[in-house]
Structures are given as structure tokens and as C-alpha cells.
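A quick write-up on the structure given underneath.
The values are calculated or read from the model by the stated rules, or taken from the named source; none is laboratory data. What you see is a predicted model; the values in this text were computed from it and never measured. For neighbour counting, all protein chains shown are included, and Cβ atoms are generated from backbone atoms with ideal geometry for every residue, glycine included.
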Amino acid sequence: MNEEIKNYIEQKIREHYHSGNDSQLLKLENIFGMIRTVDAVPTHTPRNLFEQIIIYTSGATLRFYWYDVTNNLWHYVTATA
């Protein structure tokens, strides 16, 4: 994927508005490589789709977090390496 297309996709993800009731179409295959990896459990309220999906790693602990906009909660599943 060339850099211009990648930048365009990243910008669209950041601009994406998602309230749980009304949303814009976004193809998941376009976010490959753009999910953040963090070492602190997420506690913030996401402002866009880009911030609603997070990979958490801390030592041997691996988790996949997603934000539930209906209940305003972070959920996670534990992963294995």
C-alpha cells in the first residue's frame, strides 16, 4: 500500500464518528496495522473508532480491549502468544 493511501485511511479512521446508533461504513481490512498497542489498561472514553480497539501487553499478560459505546464500558478478552 503506498504512503498516500495509508495516510488517507488513517485520517478517515480518526475522523470516523460512531455513537452506536448511527455510523459510517468502514471496512475492517483497511485498519490492518493501525490498532494501538499499550502497556496500561484503557480507562479513557474513546472519541472515534481508532481509539475503541486496543491491544494491551504487560509482561506475559496479553489482552484485546474494545469499547462498548452502548454501556460506556471497556471489555477485554485474554490472548495467548
If I go through the stretch 56-81 residue by residue, how many of them are under 12 Å from Thr37 (Cβ atoms) and either among the hydroxyl-bearing types (Ser, Thr, Tyr) or surrounded by 14 or more Cβ atoms within 10 Å (Cβ to Cβ) (or both)?
7
Of all residues making up the stretch 37-48, the number that are part of a strand (DSSP E or B) and surrounded by 12 or more Cβ atoms within 10 Å (Cβ to Cβ):
1
Given the criterion aromatic (Phe, Trp, Tyr) and modelled with pLDDT of 90 or more, identify the matching residue among Phe64, Phe50.
Phe64
